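Note sheet for the following structure.
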Amino acid sequence: MLPHETTTRRFELDEYAKDGTSGHGRPRHTPSPHLSPNHRTNRYQMDGKSWLMLIVLSVLWGGSFFFTEIALADLPPFTLVLCRVAIATMILWWVVVLRDIPIPRDPKFWGAIVVMGALNNLVPFSLIVWGQTHIASGLAAILNATTPLFTILIAHIATDTEKLTLRKTSGILIGFSGVLVVIGLPETTIPRATNLFSVLAPCAVLLAAISYGCAGVFGRRFATTSPILTAAGMTSASSLMLIPLAVVVDTPWRLPIPSTATILAVLGIAALSTALAYILYFAILKRAGASNLLLVTFLIPVSAIMLGVGFLGETLQLQHIAGMPVIGGGLAVIDGRLLRRSRK
């Protein structure tokens, strides 16, 4: 949560309604000039089914933090991430074959897929999993919700079409003030090892959000590619990159046999929070549009916190609870719909 991915986590707000293309880069129907502006911008509506799909997606992605917390009892980070992406790869390629999706042979395409696999899977998954060895799953989910903030900043730097506006800048400043509330001010004294990890772990999750943001901008080159094929390619590339890391760092052959709970958690994070979440994500993107899909960012931390508190006995500090709505407020300002409704 994953993290929290457009064609691999592409972040489109106003641009989605303006550029005349669908979420997959295909030309969409050009509205009649006689239609009202409100009719043109409200092509994608959130009906009951869309809301249900969105809530399910938030539970799937929020569940990734929950499953990770369980699996970390027996598996080290790289091995856990490898299991996640490897199992998801098999499921996604099975979907590609069932749908008879053509597979490109261009080496440049697969080179870009490797980059996407690193930015969207290998780096963020590993950082989040390592971070969860030192912080609660709910806190990791709250910090991961900053991904849209970083995506906008990176898009402003790397593209000519998505520059910061006053509204987006205000939303980013509000969002990052929420991050400061969640993490808290650093201590002036030299921290002990345990305190050091309590600082480094949240920073690792924020670095994961930055990696997701880079993937969101870089992934636009796959706009005309089947999103399921892109997802399968990403997980394949990240699986191949993770094998030597897991072998060298974790030496998994020396690990004890994992418990039934760990095995089920790995299957859950791979099949549900990765493969099924990818498929559901793109179904919602097609049905409700990217702007409405942004709403899942508000729901993921809630799902993760409820699962962590309800089933893992986790507790969050007051500053974590206080910072979450501030981050959500920043995202709401960026989204702009609440502001438009208040003006009306």
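The values are calculated or read from the model by the stated rules, or taken from the named source; none is laboratory data. What you see is a predicted model; the values in this text were computed from it and never measured. Counting neighbours? That spans all protein chains shown, and the Cβs are built from the backbone with ideal geometry, glycine included. To get the accessible areas, we keep the full protein, side chains included, count just its heavy atoms, and leave off ligands, DNA and RNA. Shrake-Rupley method; radii C 1.70, N 1.55, O 1.52, S 1.80 Å.
Contact annotation: residue pairs with Cβ atoms under 6 Å, 6 or more positions apart or on different chains, pairing a residue in the range 327-338 that is farther than 14 Å from Leu143 by Cα and open to solvent by less than 10 Å² (accessible area, probe 1.4 Å) with a partner that is small (Gly, Ala, Ser) and assigned to a helix (DSSP H, G or I), are Ile334/Gly171. Taking the condition within 16 Å of the chain's Cα centre (by Cα), in a helix (DSSP H, G or I) and farther than 25 Å from Gly328 by Cα, does Ile263 pass? So Ile263 does not fit the description; no. So is Phe282 open to solvent by less than 20 Å² (accessible area, probe 1.4 Å), farther than 15 Å from Met46 by Cβ and out of contact with any Leu (no Cβ under 8 Å at 6 or more places or on another chain) or not? So Phe282 fits the description; yes.
Considering (1) surrounded by fewer than 24 Cβ atoms within 10 Å (Cβ to Cβ); (2) within 16 Å of the chain's Cα centre (by Cα), the lone condition that Val247 does not fulfil carries the number (2). Taking the range 128-144 as the range and being in contact with a Pro (Cβ under 8 Å, 6 or more places away or on another chain), open to solvent by 10 Å² or more (accessible area, probe 1.4 Å) and farther than 16 Å from Val81 by Cα as the test, the residues that pass are Ile135, Leu139.
Would you confirm whether or not the range 89-99 contains a residue that is of a type in the set (D, E, K, R) and open to solvent by 60 Å² or more (accessible area, probe 1.4 Å)?
Looking through the range 89-99, at least one residue is of a type in the set (D, E, K, R) and open to solvent by 60 Å² or more (accessible area, probe 1.4 Å).
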